[in-house]
């Protein structure tokens with residue numbers, strides 16, 4: 001590990017990329033501290049203190065506390081992710097979009113441009129909703145209004161501020177991907193989650209000083225955290241490899257093909273999208289209940305509150321559903337089989353075309369179940385420990401999956417840069433290298 005870090009300084013390009021990435025993330029965190037005009041910060045903080053179990057709490061986690069302060073980056077990168085997911089879903093029902101996806105680099109540029117337009121539109125709609133909602137919010141002693149001067153001037157200014165902030169974050173993410181190291185959008189989410197780690201550590205030590213947490217319990221939880229992280233790394237690297245044989249072809253005087261390779265199918269193809277969707281749906285009742293006094297709505301919200309068995313069962317069911325749904329949207333076995341047939345590839349023992357597609361789909365269905373159960377276990381077990389032992393277990397559930405996944409992907413890219421220039425990577429030999 002130490003030798004790998006030392007080798008980074010020997011590669012000027014890699015060093016520049018890492019420094020550029022750190023600089024862009026610092027700009028992002030600085031923007032999270034710039035407040036939107038026209039807001040009473042104390043009243044806003046008091047209001048969000050009551051929203052920990054609602055959808056506002058989920059979005060605030062991904063924005064690194066920017067929503068809680070209603071900074072210029074309050075919407076975070078979530079509108080961009082929503083626009084990208086919507087584009088993925090639309091390509092299934094709109095033939096023109098599916099054709100663009102298959103046109104290579106030119107089509108991808110158009111898709112990215114449409115995604116940017118969608119991001120701005122979603123940000124404007126969400127910004128207007130937040131502006132209108134803030135005007136009815138109160139917080140602190142005496143229920144002080146959050147908005148100092150309600151009206152259309154405040155609404156328009158808030159929409160412009162939040163939309164511009166999200167557009168700037170989107171630009172930051174694209175610049176990190178292009179000129180930095182790692183996936184820019186993922187690193188921005190990563191930075192927002194990790195930014196809360198120091199406060200969580202301080203809170204944990206304060207609980208230990210007051211005797212609310214025993215030292216032996218803290219040691220057990222620390223060991224459990226290490227085991228869970230190791231388990232996530234193991235499963236995220238897990239693949240089901242389907243052997244593919246390419247037929248020999250003679251072009252002119254040369255012979256091509258004839259080699260054997262494999263088609264890797266990840267155990268967790270859908271990534272962190274299923275728990276994000278599932279959490280959002282389960283938090284809607286609590287979000288609605290925070291704005292109404294209806295007894296039925298409050299009863300439904302309490303039934304879906306974390307810690308109750310009904311919440312955990314529905315949560316696991318939604319995760320499994322979205323794992324299958326998102327995998328079916330993003331991975332098409334028919335297209336994979338057609339591409340193999342086009343380039344002269346085939347799975348030994350199977351005819352090209354439909355039999356190969358059915359075989360790939362059957363394997364994908366089985367490993368998706370294992371991936372869905374793995375994601376469910378990682379998301380549910382830490383939350384159960386938090387409620388049983390009353391510990392601020394910071395890296396739990398969706399946040400833990402994002403942090404570990406982004407860290408692995410970034411290390412993989414750094415490793416690739418080092419190995420390309422014949423430097424030794426972070427891990428010795430081949431045993432511990434993080435591969436894509």
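The values are calculated or read from the model by the stated rules, or taken from the named source; none is laboratory data. Note that this is a predicted model, so its numbers are computed, not measured. Every residue, glycine as well, gets a Cβ built from its backbone with ideal geometry; the counts of neighbours run over all protein chains shown.
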Output yes when any residue across the range 355-366 is crowded, with 20+ Cβ neighbours inside 10 Å and without any contact (Cβ under 8 Å) to a residue 40 or more places away in the chain, and no when none is. yes
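Given the criterion modelled with pLDDT under 85, within 20 Å of residue 181 (Cα to Cα) and in contact with a helix residue (DSSP H, G or I) (Cβ under 9 Å, 6 or more places away or on another chain), identify the matching residue among 18, 81, 85.
Details: 18 fails: modelled with pLDDT under 85; 85 fails: within 20 Å of residue 181 (Cα to Cα).
Only one candidate qualifies: 81.
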Of all residues making up the range 309-359, the number that are part of a helix (DSSP H, G or I) and closer than 30 Å to residue 380 by Cα: 22
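Among the candidates 430, 435, 351, which residue alone is at pLDDT 70 or above and either out of contact with any helix residue (DSSP H, G or I) (no Cβ under 6 Å at 6 or more places or on another chain) or assigned by TED's automatic domain parsing to the domain that holds residue 322 (or both)?
Details: 430 fails: at pLDDT 70 or above; 435 fails: at pLDDT 70 or above.
Being at pLDDT 70 or above and either out of contact with any helix residue (DSSP H, G or I) (no Cβ under 6 Å at 6 or more places or on another chain) or assigned by TED's automatic domain parsing to the domain that holds residue 322 (or both) holds for just one of 430, 435, 351, which is 351.
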Here is a list: 107, 127, 165, 139. Which entry is at pLDDT below 90, within 20 Å of residue 28 (Cα to Cα) and surrounded by 15 or more Cβ atoms within 10 Å (Cβ to Cβ)? 127
Filtered residue count, the range 42-59, keeping only those that are farther than 26 Å from residue 170 by Cα and either at pLDDT 80 or above or not in a helix (DSSP H, G or I) (or both): 5
Can you say whether residue 63 is in the same structural domain as residue 179 (by TED's automatic domain parsing), on the phi < 0 side of the Ramachandran plot, buried (at least 21 other Cβ atoms within 10 Å of the Cβ) and modelled with pLDDT under 75, as far as the supplied structure shows? yes
Looking across the range 71-104 at residues that are in a loop (DSSP other than H, G, I, E, B) and within 18 Å of the chain's Cα centre (by Cα), the single one that is surrounded by the most Cβ atoms within 10 Å (Cβ to Cβ) is 73
Quick check on the range 155-178. Is at least one of its residues out of contact with any strand residue (DSSP E or B) (no Cβ under 8 Å at 6 or more places or on another chain), closer than 26 Å to residue 46 by Cβ and not in a helix (DSSP H, G or I)? no
Looking only at strands (runs of 3 or more DSSP E) that fall completely inside the range 186-299, which ones have 3 or more residues that are within 23 Å of the chain's Cα centre (by Cα) and either buried (at least 16 other Cβ atoms within 10 Å of the Cβ) or at pLDDT 75 or above (or both)? 260-266
Could you please tell me which pairs satisfy a Cβ distance under 8 Å, a separation of 6+ or placement on different chains, a first residue in the range 235-259 that is at positive phi and in the same structural domain as residue 337 (by TED's automatic domain parsing), and a second residue that is at pLDDT below 65 and assigned to a strand (DSSP E or B)? 257/249
